[in-house]
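A.B. asks: One structure, as structure tokens, below. Some questions next.
Readers should treat all values here as calculations from the given coordinates under stated rules, not as data from a laboratory. Since the model is a prediction, treat every value here as computed from it, not as a measurement. Cβ placement follows ideal geometry from the backbone for every residue including glycine, while neighbour counts extend to all protein chains displayed.
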Amino acid sequence: MSVSEKAAYLDNAATTAILPEALEVLYQEAATVGNASSLHGAGRRARKIVEESRERIAAAVGAKPQEVIFTASGTEANNLAVKGMFWQAQNDGEAKTGISSSPVEHHAILDPLEWLERESGAQLHLAQVDVNGVINPESITEIMSEHGATISFATFMHSNNEVGALQPVAELADIAREHQIPIHTDAVQSFGKVPLHFADLGVDAMTISGHKIGGPLGVAALIAKKTLELTPLLHGGGQEREVRSGTLHTPAIAAFATAAEISQAKLNSNSERIRSLRARLIAGITQTVSDVRLNGGANTLPGIAHFTFDGAEGDALLLLLDAQGVQCSTGSACSAGIAQPSHVLIAMGMAPKIARSSIRFSIGPSTTEAEIDRAISVIGEVVVRARAAGAK
Amino acid sequence: MKIIAAMSGGVDSAVAAARVADAGHEVIGVHLALSSNPQKYRSGARGCCTIEDSHDARRAADIIGIPFYIWDMAEEFHDGVVQNFLSEYAGGKTPNPCLRCNEKIKFEAVLKRARAMGYDAVATGHYAKKIESSSGPLLYRADDPAKDQSYVLAVLTQDQLAGAIFPLGDTVKTDVRKEAQERGFSLAQKPDSHDICFVPSGDNAGWLRDRLGSEVGDIVDEDGAVLGSHKGAYTYTVGQRRGLGLTVPADDGRARYVLRVEPINNRVVVGSREELAITEISGGDVKWCGPVAELGEHRGLAQVRAHGAALPCTYRWDGDQLSATLDQPLFGLAPGQALVIYEDQRAIGSATIERTG
């Protein structure tokens, strides 16, 4: 990524710059013909790349290779988990229509859940979250005690994509297991940022994505135990365990594996560096601007710093920062456009007007000190103007 | 200058934005989301607030090479324009929401926000001219008489006008379309929007009935004799002749017109065309889009509809009310519409019509 002196890309939770090593692999593979499902030489070569990549990704997340199901996006993997588990439950003898989740999930979880509620009569049992956006395990214990017998599956994000709060997923998995309820976690934001081990975590399925870790866009995976039965979303060639059809994107899969290995190898050094950049940003902003608060609590992802600037408009903050070359986000990129107050902040108990005064900066391995300092140098004037714009 | 270009997704505002960018200004394109629940696609030619329109605006901004954002003005639009539209109709008046939108949204909420954020002006695709003078900016008719929109801009104060830029004032619409084509805007042949943008079906009466109810009432003559019935007095407009459904013919067998809407007793009063004739118009909520007129009588031109004729008149300003005496009578004028006074091509000011006679 080329960053001019005055630009600062601080939206790494939306997408990261592709790693040079991953780009090289992507380029090389894209220049080579071969469908991994073909039986001839070119096909066998592509298949070998896919299976090697599967093993490398499995090793990076503490899973078995056969547990890796490649998809075209994190959204697809989440939909496969949510709908696949729900539909599977409907096929079993006594149909279980309950689902346990949380109100701070990404739209790629919440929207399929709400769709199942609307179209298939699913009953949603959502956890309570605290002011930092952290799921309260006691509320899950209560939900499971009361509704466990009718719950088909549970899904809880590993870390929140907006405020960065890490979730007690291992504890939630224990609770689900006591009730023999399969559990999925959306770990798209956590993978490559914090230690993540599928087997140790105790979940049945987990979503990870390539472009959040310096890999290419358009590739992700659902890590799913072999014992977990899923009804497919896409029917066709049955390429991935008969659960997911579609020609495998060999170049993207190979580059994903490269990025996964590098991000795991550099996990500690990257996260230490990113944490210190985050601390620099927080110190710089809180010293420059009054009436600002940091959201997400003490236990967050290393790279997310989510602020509420009282009285300022999030849209105006974003526009003015963008004009100064500082690129960040008012929420998840998917809800950008016509801005709605973030459902995550609302679930945390924020009033809609205050929720709209919030901005997420997200730092990645490619972020430099100069970028952090650029953001700090412009934030003061930007907030003054955004507060003037917010004054009615 | 630093300019916010308001981009509806239509051809006019796209060309306006391109022109200010070409002139070397620092420009940002902004699409106003005016409905909290926007329709996905246009139905017919109407409306300008769909997601598809915001997409069209974004593509034009990409081609121009300016940043583009969507500003959520749904609350301001609902409070300042839609509610006003409803309450005016409920009061038996005929409001012009485009005028209110310019007054309350584009050159109030948007301009205020733009200025707070360090921008100097808001550029729009309106057909009108702003000309600087020793007494500040003045509002003039556009060169294209068929498209002239100075009428719906005459509610702006001189301060609002100072923050407005109308890059299309000297161009005719056909040339604007041609320019859009040359610039490669896919929206070049998009049809003009008509009617009221928040009534996408175009069925004003039905839209009003859904929101204000449809209480049946009498249609009467000036003597109070019942001639028919209606389903909601506010769906009638002064001067209306069609769709009255009268059951009792007039003595002279001639057509009858709506003379008045009386919301309090839920009556619509009808009469002959002669009874519609008025020469006196007066109103309040006076806005001067240039220097404030001197107290007393002046000669000028009165316009009472967006594309109506400019009628020679003598107008008076008493410091509170603006009134006009027309040289020739006018037939059918509803309270709630705007009286705009021109001197030749210049829009002097406006009032919301309260009384006619």
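A.B. asks: When B:71, A:115, B:288 are ordered from fewest to most other Cβ atoms inside 10 Å of their Cβ, what list results?
C.D. replies: With the fewest neighbours first, B:71, A:115, B:288 line up as A:115, B:288, B:71.
A.B. asks: Quick one: A:207, A:227, B:124, B:94, fewest Cβ neighbours within 10 Å first, how do they rank?
C.D. replies: Going from sparsest to densest Cβ surroundings: A:227, B:94, B:124, A:207.
A.B. asks: So how far apart, in nm, are the two label points at residue B:135 and residue A:178 if each is 7 Å from Cα heading toward Cβ?
C.D. replies: 8.2 nm
A.B. asks: Ranked highest first by the average count of other Cβ atoms within 10 Å around their residues, in what order do A:320-330, B:259-269, A:98-108 fall?
C.D. replies: A:98-108, A:320-330, B:259-269
A.B. asks: Give me, ordered by chain and number, the residues 5 or more places off residue A:183 or on other chains with an amide H under 5 Å from its own placed amide H.
C.D. replies: For residue A:183, whose amide H was placed from the backbone, the distant partners under 5 Å are A:154, A:204, A:205.
A.B. asks: On to the next question. For region A:278-295, just list the computed ³J(HN,Hα) in residue order, Karplus coefficients 6.51, -1.76 and 1.60, θ = phi - 60°, integers in Hz, with x standing in for Gly and Pro.
C.D. replies: 4, 4, 5, 5, 4, 4, x, 6, 5, 7, 8, 10, 8, 6, 10, 10, 9, 9
A.B. asks: Further question on the same structure: Amide H of residue B:171: which non-local residues (sequence gap of 5 or more, or other chain) have their own amide H closer than 5 Å, using H built in the peptide plane?
C.D. replies: B:143, B:144
A.B. asks: How many angstrom lie between the C-alpha centres of region A:196-213 and region B:243-291?
C.D. replies: About 72 Å separates the Cα centre of region A:196-213 from the one of region B:243-291.
A.B. asks: Which residues does a label at residue B:209 reach in region B:249-283, if reach means a backbone N under 14 Å from a point 7 Å past the Cα toward the Cβ?
C.D. replies: Inside the label zone: nothing.
A.B. asks: Further question: How high is the relative contact order of region A:1-88, in percent, counting Cα pairs under 8 Å that sit 6 or more residues apart?
C.D. replies: 11 percent
A.B. asks: Continuing with the same structure: Taking amide H positions as placed 1.01 Å from N in the peptide plane, with prolines and chain starts having none, which residues 5 or more places from residue B:347, or on another chain, fall under 5 Å of its amide H?
C.D. replies: Correct list: B:139, B:140, B:141.
A.B. asks: If you take every DSSP beta bridge whose two residues both sit in the protein assembly as shown, what share of them, in percent to the nearest 5, is antiparallel?
C.D. replies: Percent antiparallel among DSSP bridges in the protein assembly as shown is about 70.
A.B. asks: Further, regarding this structure: Quick check for you: which residues of region B:271-285 have the amide N under 15 Å from the point 7 Å beyond the Cα of residue B:262 toward its beta carbon?
C.D. replies: B:271
A.B. asks: Distances over 18 Å make up what percent of all Cα-Cα pairs in region B:277-356?
C.D. replies: When every Cα pair of region B:277-356 is considered, 27 percent fall beyond 18 Å.
A.B. asks: When each pair of different Cα atoms in chain B is counted once in the 1/r mean, what is the Kirkwood radius in angstroms, to one decimal? Mind showing how you got there, number by number?
C.D. replies: On the way: mean 1/r = 0.0465 Å⁻¹.
So the Kirkwood estimate lands at 21.5 Å.
A.B. asks: Estimate the FRET efficiency between residue A:118 and residue B:299 by the formula 1/(1 + (r/R0)^6), using the beta-carbon distance for r and 56 Å for R0, to the nearest 0.05.
C.D. replies: My answer for the efficiency is 0.30.
A.B. asks: Now, a different point. What does the charge add up to near residue A:211, with Lys and Arg as +1, Asp and Glu as -1, over the other residues with Cβ less than 14 Å from its Cβ?
C.D. replies: Numbers: positive: A:193, A:212; negative: A:11, A:76.
Result for the neighbourhood of residue A:211: 0.
A.B. asks: Sticking with this structure for a sec: Using the Karplus curve 6.51 cos²θ - 1.76 cosθ + 1.60 with θ = phi - 60°, work out ³J(HN,Hα) for each residue of region A:353-369 in order, rounded to whole Hz, and write x for Gly and Pro.
C.D. replies: Whole-Hz 3J(HN,Hα) from phi for region A:353-369: 5, 6, 4, 6, 8, 10, 9, 10, 9, 10, 9, x, x, 8, 5, 10, 4.
A.B. asks: Zone of residue A:30 (label point 7 Å along Cα→Cβ, backbone N under 14 Å): which residues in region A:203-223?
C.D. replies: Once the point is set 7 Å along Cα→Cβ of residue A:30, A:215-219 turn out to lie under 14 Å by backbone N, inside region A:203-223.
A.B. asks: Please identify every one of the trypsin sites (Lys or Arg not before Pro) in region A:143-226 that sits in a loop by DSSP and has no more than 10 other beta carbons within 10 Å of its own beta carbon.
C.D. replies: Answer by residue number: A:226.
A.B. asks: Next question. Using the Karplus equation 6.51 cos²θ - 1.76 cosθ + 1.60 (θ = phi - 60°), what ³J(HN,Hα) coupling, rounded to whole Hz, does each residue of region B:274-284 give in order, writing x for Gly and Pro?
C.D. replies: Along region B:274-284, the couplings run 4, 5, 7, 5, 9, 10, 9, 10, 8, x, x Hz.
A.B. asks: Counting alpha carbon pairs within less than 8 Å and at least 6 residues apart, what relative contact order, in whole percent, applies to chain B?
C.D. replies: 16 percent
A.B. asks: Now a separate question. Taking only the alpha carbons of region A:209-339, what extent do you get along each of the three principal axes, in Å, biggest first?
C.D. replies: Principal-axis extents of region A:209-339 (Cα, largest first): 57, 38, 29 Å.
A.B. asks: Based on the alpha-carbon gyration tensor of chain A and its eigenvalue square roots a ≥ b ≥ c, which shape applies: rounded if a/c is under 1.5, prolate if not and a/b is larger than b/c, or oblate?
C.D. replies: Taking the square roots of the gyration eigenvalues as a ≥ b ≥ c, chain A is oblate.
A.B. asks: Please report B:247, B:237 as a ranked list, fewest other C-beta atoms within 10 angstrom at the top and most at the bottom.
C.D. replies: Values: B:247 10, B:237 18.
Listed from fewest to most nearby Cβ atoms, that is B:247, B:237.
A.B. asks: Still on this structure, I have one more. What number, in nm² with one decimal, is the all-direction average of the projected area of the convex hull of the alpha-carbon atoms of the protein assembly as shown? Write down the numbers at each step before the final one.
C.D. replies: Numbers: hull surface 157.0 nm².
Its average projected convex-hull area is 39.3 nm².
A.B. asks: Something else now. Let me confirm one metric for peptide B:249-260, namely the mean number of other chain beta-carbon atoms within 10 Å of its residues' beta-carbons. Before the final figure, lay out each step's value.
C.D. replies: Details: counts 0, 0, 0, 0, 0, 0, 0, 0, 0, 0, 0, 0.
The shielding value for this peptide is 0.
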